[in-house]
Amino acid sequence: MSAIEFNTFQQRMMLVPEELDVFCGGGRGGGKSYGLALLCLRHTEQYKEKARILYLRRTYKGLADFELICRELFGMVYGTAARYNAAEHIWRMPNGGYIELGQLETMADYTKYQGRSFTLLIIDEAGQYPSPDLLDLMRSNLRGPKDMPIRMVIAANPGGPGHYWLAKRYVFKSAPWVPFLEEKSKRQWIYAPSTFDSNTFIDTEQYREQLESACPDDPELLRAWMTGDWAVNRGAYFASVLDEGRNAVAVWDHIPSGWQTYLAHDFGSSAPSATYVIAKSPGGIGPDGVFYPRDSLVAVDELATCKKDNPNAGLGWTVPVLAEEILAMCKHWKMRPQGVADDAIFAKTGHGSGSIADEFTRCGVYFAPAKKADRITGWNIMRRLLADAGKPDVPGLYISRGCTYLWETLPTLARDQKRVEDVDSSGPDHGADAVRYGCLRQVRSATVTTLRI
């Protein structure tokens, strides 16, 4: 048998006590997948027939790379004695250990594992999951004898739909390699970062060139992939235009006379609903003493109906409940309850109640269609306004620090991997969508004014 070699990251990961759960959250090419295979090998050697391991990816297609890594590693150790059933994606080790390579994408997929027990649960490429709900459910499958530790190991790269919840839960809790208590699982975790330039088993210069060619127009994402820095990914989609120093403004206590106001709304029930008070500058000074060029937009206040610690899950509010809160917000700002909303709420539902917009109208909240048309057009308008914030002679888009949901979600929105000019809609883009509708209204109003002139 050939000697098994480890890179620095893998050595350190193997030294983490088994009583601790691990988040392997470094950049790309750091050797995380091979490290996961090493953990599987050691677990089966230690606990033999008691070892029951489940390795999960979001799709079966994603299992292929890890299957090849296992074939190489297990073949090196056991030869043909480690048997793999490709149809069932199951490894049966000569010591009695069991390793299953599984797929988990929807709640229907979860039923395959319900009631089953595993002693080691590994989630690879967890950044593909826009919310942690399914992975949290899988913890119920971790069960083992009293004398045997159970463990969960998660691996992910910065960027992607799950960036927000992974960073909030595992990255910014403690320094790397220092144990911390994760509140949801009530378990001790360790954040174990890695980078490709410390992986001695790859051609680092060649890999660097591949990463650079993959992100020619996204320097923030490139830096995140190369350095494994989850903070540097702030603004994955809005990287070049969003700047807290320029776009964030102090919380206002009133809207000055002469400023136009309207609502920008993205409806949701099971998903969050997001509503913003937008103030349009006539070219003047705001309550914070800052001059806002003519036609600048300020997101003054927000109403976001998301669950605590899950920006992609709504509270299930009905239209009457939501309308009541919107009316209260408008009363506070002394503005009419009218604005623009997602075109979809104007679709007739086929029964007497009409559309969602009709329900809002009956409750005293009046929306017009945003006429969003092409998403990318809307995003480009929003990006331009964000980029122009702070300039003395052109309108920009400014966001109150009181809009906490928007500040938590907007900076970390990922690009759509198949359509890089677009935002990945599986992420928490509800606040961004609402503001995009508000920006489209601004441009449409400007166009009408120009035509009248």
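The values are calculated or read from the model by the stated rules, or taken from the named source; none is laboratory data. Everything numeric here is computed off the predicted structure, so don't read it as measured data. Because the Cβ atoms are built from the backbone with ideal geometry, glycine has one as well, and the counts that use them run over all protein chains shown.
Note on region 257-319: enclosed strands (runs of 3 or more DSSP E) holding 2 or more residues that are within 27 Å of P132 (Cβ to Cβ) and among the hydrophobic types (A, V, I, L, M, F, W, C) are 297-304. Under the condition of being touching a Leu at 6+ places or on another chain (Cβ under 7 Å) and surrounded by fewer than 24 Cβ atoms within 10 Å (Cβ to Cβ), the residues counted in region 154-168 number 1.
Assessment of region 26-36 against the conditions (surrounded by fewer than 16 Cβ atoms within 10 Å (Cβ to Cβ), in contact (Cβ under 8 Å) with a residue 40 or more places away in the chain and in a helix (DSSP H, G or I)) yields no matching residue.
Exactly one residue among A357, A344, A313 is surrounded by 15 or more Cβ atoms within 10 Å (Cβ to Cβ), under 28 Å from the mean Cα position of the chain (by Cα), outside the structural domain of P130 (by TED's automatic domain parsing) and among the small types (G, A, S), and that residue is A313.
Only one entry of S174, S240 meets the criterion of being closer than 30 Å to D342 by Cα and modelled with pLDDT under 90, and that entry is S240. Taking the conditions (1) of a type in the set (D, E); (2) over 25 Å from the mean Cα position of the chain (by Cα); (3) surrounded by 14 or more Cβ atoms within 10 Å (Cβ to Cβ) in turn, D253 satisfies each one other than (3).
Conditions tested, residue by residue: (1) assigned by TED's automatic domain parsing to the domain that holds H265; (2) in contact with a strand residue (DSSP E or B) (Cβ under 7 Å, 6 or more places away or on another chain); (3) outside any loop (DSSP other than H, G, I, E, B).
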| residue | (1), (2), (3) |
| --- | --- |
| N380 | yes, no, yes |
| A387 | yes, no, yes |
| K391 | yes, no, no |
| Y405 | yes, yes, yes |
| Q417 | yes, no, no |
| V420 | yes, no, no |
| P428 | yes, yes, no |
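Only a single criterion out of (1) exposed (fewer than 14 other Cβ atoms within 10 Å of the Cβ); (2) assigned by TED's automatic domain parsing to the domain that holds P145 is not satisfied by A3, namely (2). Remark: M329 matches the filter, which requires a residue to be touching a residue at least 12 places away in the same chain (Cβ under 8 Å), more than 25 Å from the chain's Cα centre (by Cα) and part of a helix (DSSP H, G or I).
Specify the residue that is nearest to L440 (Cα to Cα); the eligible residues are those in region 362-384 that are β-branched (V, I, T) and surrounded by fewer than 16 Cβ atoms within 10 Å (Cβ to Cβ). It comes out as T377.
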